Every structure is written in structure tokens, then in C-alpha cells.
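Novice: My structure is below; once you've seen it, I'll send some questions.
The values are calculated or read from the model by the stated rules, or taken from the named source; none is laboratory data. None of these values were measured; they are calculated from a predicted model. Ideal geometry is used to build each Cβ from the backbone, glycine not excepted, and the neighbour counts take in all protein chains shown.
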Amino acid sequence: MRRALILLLRRLIGAVPVLLIVAVGAFLLLEAAPGDAVDAYLAATGGADSERVSELRAEWGLDRGPLQRFLAYAAALARGDLGWSTAFQRPVLDVISERLPSTLILMGLATALAFGVGSLLGIFAGARPGSLRDRALSLTSLAVYAMPGFWLGLVLIVIFAVDLRWLPIGGLETIASGKSGLDRFLDIGRHLLLPVASLGIVYLALYLRLMRDSMAEIWKEDFVRAARARGIPRRRLILRHVARNALLPVVTMLGLQFGSMLGGSIVVEGVFAIPGVGRLALEAVSQRDIPLLLGVMLISAVIVIAVNLLTDIAYAVLDPRVGSSGTAA
Amino acid sequence: MKILRAMILTGEGAAGLGVLTCLVLAALTAPLFFPGDPLAIVGPPLVSPFSDTAYPLGTDRLGRSVTVELIYGARTTLLVAITSAATALGIGALVGTLAGFFGGIVDEVLMRITEAFQTIPAFLLSLAFISVTGPAIPTIVLAIALGAWPQPARIARAEVLSLRERDFVAAARVVGMHPLEIAVREILLNALTPVVSLAAVIVAAAVLIEAALSFLGLGDPNRVTWGSMIAEGRTVLRGAPFLSIVPGLALVVTVLAVHLTGRGFVAAIGARRIEA
């Protein structure tokens, strides 16, 4: 437990310079975009004369040199002020936090599907590397991994929403359905089925391959040969010895893939009209709302860092070698 | 040549290389067989595939030939994917080599920057970059490369770190070679093999990112891309789903071919190592 705390603390400190660099990048992009925060504010409030404009620029610290401007920007970020959304005419952080839950639910479910089913199929394929079912599963997963998520989404819509009419075509829930409680829950579930599938299936293929490749490596290890020599039943050997050890690198990928999946959910949310952060990024692009887009970028960076931290801790808990040095197993 | 022969022997490599060769040939010869504007209207709208020999894959909503669009789309896809992957590999190899070779504070700073780039979802970074700079082929290439260079940088750095202590580098140092000369002549060239085997993964990802960007309308508006074809077809998804499905299949085949080629390359290198 103490090990985990020290690890957590060390990682938190290590994240500070990284976030600072991300902030520099966001600041550079913001500077490169036409117009500044005052222009955006005035466009919304109805404009002002040039005297008032320079007054506002001085007040917001926009008339000073680039370094001072960056320091003002970084100080605002540190206070949790991500700027002003020109498209929504509200603080960026408010708009994003409103949309975050839908995205996190979508991604959480997609990750559960991808990791759960993917690693199970991976164990199935990796139980006998080189066998027919291994080769069939590996080739299929390679083909699935080649699919663009948004296209898979459209194909699923054609099959399940247009042809079979089983599932809704988009949205998070039926609008003005008056449903509540369990009915509403089921309604949202029906709406999420296709987006979760189109986001998750691509990563399912990835976890399948990772688990399978990892197991193929473990089979070659001495301890597996030793366990086999001891006459441990095959089923137990596969699950308790090979699969358990093969799981570790796959768990690491869970954190690393989160950022990539966040990127994938932008397009999937666009295809299925899910009001999440991804669709928000698209709205920001189409309305040229650069502060909002960069806000999404910064929040994503924070989320990715947090998820990687959690994965590290999960890794420390799962890894038998880490546990043995502490007092608790 | 030896590697090429070994790759073809792997089966996976043969399939991948075969498909890729066809794609490249189709992309290069497109103006010879289909001169004129691929976006020109050539016939009635929404002809279904395989119903008219003049338009083997049918026509789209505006009466443009899907076949011609598909072939010209291959040009854009290959151009963007290959140049952006090459750019990403170049930046990555350079940053990784510098970090690994100089170590110390240079290493620390470069690796923090690499890590910062990795915390931002690559696709979001491309999106932000293009909305600031505007969609044109060079900015799209750069946008994709920006999201892809950290991984080769890490691999190049690890490779350099392990190579730095080897005998032939120490020998070069003893002979009195300049550190920079050692970095380029001895280390960079030796670190190239693992970086190149990563190239397939990066090209495949670049194809998919380019497709997603142009699907969202952020591609070069003057060029046909498979992503923009899917987006176009989406407006008539109920009546003519093939318009979205066909270019998507082209994407799947291309990405799969790139992956297979990469696997073939790795297998061929492995086989050569065993032989040696």
C-alpha cells in the first residue's frame, strides 16, 4: 500500500512538467489562430470602440509580450479557467464538464467490451499458438483492426437501424419520451449499443492480438515448462500460469490506448449524434471556436494522465513481483 | 532484395505487397486511363454497382463515377499516408537519436516533450492543428505527423541507448570520430531497422486518420478522398448504402495490406537473423 502511495506521488510530480508543455502547445496554437479572447468577447457582446478594446486588452493582459501572455494563460489554467467559448458564450470548462459524462460512459463501456471480450478471445487463441483457431482469429482481428470506426458505425447503422429497424439511428436517448427510471435506463442502453460496438470492436481486435502475442511469448518461458513437467492440468496451466502472466502487458495497453480511443470517440460521437466531448470538439471545429477546442485538448490530456496513473497502480497490484516485496500480498 | 524475397516467402508479406503494388500502380496510372476531372459528372445519379459497364461501381448522388473517384482517392490516401509517416519517422528518429546520444538534460527535456505529445490524443491534435492552419495537403501531412512521431522517437532512443555502449561505437570514439559523426554514421543507421518495422503501423494509422479527417470535411476540398466519399454517401445512406460501404472497404483492404506487409517484413528480418 505504501509503495502504491509513493508511486502515485512520484507520478503526480512527474505529470507537472508534461502538463506545462501541453499548455505551451495549446498557447502556441491559440496564438496562431486569428483573433483573440477580446475579439471573441466583443463579437458576442456587440462590439466596442477602439478605446474600450485596448482597455479590455490591458485588463486581460493581452497587450503585453508573448511571455507575459503565456504566464497569464498558464495562471488562468491553473485556476481551472480554460477560457471563453465563442460558440456557446459560456466558460469553456462549464461546457466541457456538461458533456463529459456521456463520453466517459461511452468509452467506459467500449473499453469494457474491448478488454473483456478481446482478452477472452485472446486466451482462446493463445491457448494453442499456431493452431487453426489461432490463425483464424489472428487474421480476423487484423482485418477488424483495419476498419475505420466511423465507417463501422455507418455499416452497423445500415444493418441494425435501417434494414432491421432493431435499434435507433443516433442520439443518446429518445427525445421527449417522458421515460424515467428503468425505462429511461433501457432506452439509453438501446441508443448506446451501436456506438459502443463501433468504438469497442476495433479495440477488441487490438486486445485480442495483444493477449494472444503475450501468451505466445509466455509459453516459451522456463516456469511454464516446469509447471508442465509437474503435471499441472492443461486448463489450469493455461489460465493460472500463462494467461495470468500474459495479462500484465495487456493491462498497460489499457492506459496507453485510452488517449487513442478518446480520439476515436470524436468521430463515433459525430456519426451517432451523441452529445459528448467528442462531438463538442467537432462543433468547436465547425464554428471556429479555438478556445473550446483547445479546452477539450487540455482536458483530454489530464484524463489520459489520470488513466495512465490508475493503470500503473493496477499494474503494481496485479504484478506478483511487486507485491512480494511489500508486507501485504 | 534478399529481404524482399524473404518477405514474399512469408505469405503474409506476399499478400500485402501484392495489394499495395496494385494500389500504387492504380494511383500512378490513374490520369492515363481516366483523364480529366475525377469530380466531373459523367452520367445519371445513383446508378447501382455492376448494373452499367460504363460505371462498374455505379455513380454517386451527383452522377460521378464511383470507380474513377475510388482510384483518384487512392492517390490522395497514399500520398498523405506515406509522406506523413515519413515525416513522423524522420522527426522521431532525429529526436530519439539526439535524446539517447546526448543524455542528461537534453534527454530529459526531449523526453518530457515526447510524453506531452503522447498525452494528447493524436486525432484531437490533428483536428486542432488543421482548424488553426486550414485544410491543405501539407498541413494535413504535418497534422498527422505531429501525432505520430513520439512512438518512433521512443524506439529510436531505446535503440541508441543500447547501441551506445557497443564495441563498434567505442572503437569509433577511440579512433577520434566527432560525436555528431558517430551519431549519424554509426548509431542512426543501426537504429533504423526497428524504426522501419514500426513504419507499417504508422502508415496504417495515417491512412485511418486521413480518412477520418476528410470524413469530417477537413480534407483538401479539391481532392477526392475515400473519407470524403464515405461522408458524401452518408447523405443517401438509406437509399444507396454502397456509396459509403465501397470506399470503406477500400480503406480496410489498404490498411490490412499495410499491416500484412509490415508483418512480412518483421518475419523476413527474423528469418534472416536466424540464418546468419
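Novice: Here is a list: A:194, A:172. Which entry is of a type outside the set (D, E, K, R) and either part of a helix (DSSP H, G or I) or within 19 Å of residue B:232 (Cβ to Cβ) (or both)?
Specialist: None of the other options fit; the residue is A:194.
Novice: Still on this structure, please answer the following. Only residues in region B:49-67 that are closer than 14 Å to residue B:229 by Cβ count as the first member; pair them with residues that are of a type in the set (Asp, Glu), Cβ under 8 angstrom, at least 6 apart or cross-chain, and list the lot.
Specialist: Taking only residues 6 or more apart or on different chains, the pairs are B:58/B:52; B:60/B:69; B:60/B:232; B:61/B:232; B:66/B:60.
Novice: Still on this structure: Enumerate the helices (runs of 4 or more DSSP H) found wholly within region A:69-168, keeping only those where 3 or more residues are away from chain B (no Cβ under 14 Å).
Specialist: The qualifying helices (runs of 4 or more DSSP H) are A:92-126, A:132-145.
Novice: Does residue A:239 satisfy being touching a residue at least 60 places away in the same chain (Cβ under 8 Å), under 21 Å from residue B:132 (Cα atoms) and not polar (S, T, N, Q)?
Specialist: Considered against the rule, which asks whether it is touching a residue at least 60 places away in the same chain (Cβ under 8 Å), under 21 Å from residue B:132 (Cα atoms) and not polar (S, T, N, Q), residue A:239 comes out as no.
Novice: Let me ask you something else. In this structure, does residue A:172 turn out to be away from chain B (no Cβ under 14 Å) and crowded, with 19+ Cβ neighbours inside 10 Å?
Specialist: yes
Novice: When you scan region A:179-187, do you find a residue that is over 30 Å from residue A:241 (Cβ atoms), more than 21 Å from the chain's Cα centre (by Cα) and part of a loop (DSSP other than H, G, I, E, B), even just one?
Specialist: Scanning region A:179-187, I find at least one residue that is over 30 Å from residue A:241 (Cβ atoms), more than 21 Å from the chain's Cα centre (by Cα) and part of a loop (DSSP other than H, G, I, E, B), so the answer is yes.
Novice: Looking at A:235, A:240, A:190, A:230, which one is more than 14 Å from chain B (Cβ to nearest Cβ), in contact with a Pro (Cβ under 7 Å, 6 or more places away or on another chain) and of a type in the set (D, E, K, R)?
Specialist: A:190
Novice: Now a separate question. Residues that are buried (at least 17 other Cβ atoms within 10 Å of the Cβ) and basic (Lys, Arg): which helices (runs of 4 or more DSSP H) entirely in region B:95-183 hold 3 or more of them?
Specialist: B:150-164
Novice: In the list B:233, B:248, which residue meets the criterion of being at pLDDT 85 or above, surrounded by 21 or more Cβ atoms within 10 Å (Cβ to Cβ) and under 25 Å from the mean Cα position of the chain (by Cα)?
Specialist: Only one candidate passes the filter, namely B:248.
Novice: In region A:22-34, how many are touching a Lys or Arg at 6+ places or on another chain (Cβ under 9 Å) and closer than 17 Å to residue A:82 by Cβ?
Specialist: 3
Novice: Here's another thing I want to ask about it. When the residues of region B:212-224 are narrowed to those that are out of contact with any Lys or Arg (no Cβ under 9 Å at 6 or more places or on another chain) and either part of a loop (DSSP other than H, G, I, E, B) or modelled with pLDDT under 90 (or both), which ends up farthest from the other protein chains (Cβ to nearest Cβ)?
Specialist: Here the answer is B:222.
Novice: On the basis of being crowded, with 21+ Cβ neighbours inside 10 Å, within 30 Å of residue A:169 (Cα to Cα) and of a type in the set (A, V, I, L, M), does residue A:193 make the cut?
Specialist: no
Novice: Looking only at region B:60-77, count every residue that is modelled with pLDDT under 80 and assigned to a helix (DSSP H, G or I) and tell me the total.
Specialist: Within region B:60-77, residues that are modelled with pLDDT under 80 and assigned to a helix (DSSP H, G or I) number 0.
Novice: Sticking with this one: Checking residue B:53 against (1) in contact with a helix residue (DSSP H, G or I) (Cβ under 6 Å, 6 or more places away or on another chain); (2) outside any helix (DSSP H, G or I), only one condition comes out false. Which one?
Specialist: Single failed check for residue B:53: (1).
Novice: Taking region B:92-134 as the search range and keeping residues that are at the interface with chain A (Cβ under 8 Å from one of its Cβ atoms) and among the charged types (D, E, K, R), which one is nearest to residue B:155 (Cα to Cα)?
Specialist: B:115
Novice: Considering B:258, B:253, B:203, B:207, which residue is under 17 Å from the mean Cα position of the chain (by Cα), surrounded by fewer than 24 Cβ atoms within 10 Å (Cβ to Cβ) and at pLDDT 85 or above?
Specialist: Only one candidate passes the filter, namely B:253.
Novice: Looking at residue A:12 and the list (1) assigned to a loop (DSSP other than H, G, I, E, B); (2) under 30 Å from residue A:317 (Cβ atoms), which single condition is not satisfied?
Specialist: (1)
Novice: Please find, within region A:29-48, the residue that is nearest to the other protein chains (Cβ to nearest Cβ) out of those that are part of a helix (DSSP H, G or I) and either polar (S, T, N, Q) or surrounded by fewer than 13 Cβ atoms within 10 Å (Cβ to Cβ) (or both).
Specialist: Across region A:29-48, the extreme among qualifying residues is A:32.
Novice: Something else: Would you say residue A:64 is assigned to a helix (DSSP H, G or I), out of contact with any strand residue (DSSP E or B) (no Cβ under 7 Å at 6 or more places or on another chain) and among the charged types (D, E, K, R)?
Specialist: no
Novice: Hey, can you tell me all the residues within region B:12-34 that are of a type in the set (Ser, Thr, Tyr) and more than 17 Å from the chain's Cα centre (by Cα)?
Specialist: Answer for region B:12-34, where residues must be of a type in the set (Ser, Thr, Tyr) and more than 17 Å from the chain's Cα centre (by Cα): just B:29.
Novice: Here's something else I'd like to know. Looking at region A:115-140, I want the residues that are of a type in the set (Lys, Arg) and have a partner that is assigned to a helix (DSSP H, G or I) with Cβ atoms under 8 Å, at least 6 apart or on another chain. Which pairs are those?
Specialist: These pairs meet every condition: A:128/A:134; A:133/A:124; A:133/A:125.
Novice: Another question about this same structure. Residue pairs, Cβ under 7 Å, 6 or more apart or interchain, first in region A:269-298 and more than 11 Å from every other protein chain (Cβ to nearest Cβ), second assigned to a loop (DSSP other than H, G, I, E, B) and of a type in the set (A, V, I, L, M). List them.
Specialist: A:274/A:172; A:275/A:172; A:283/A:87
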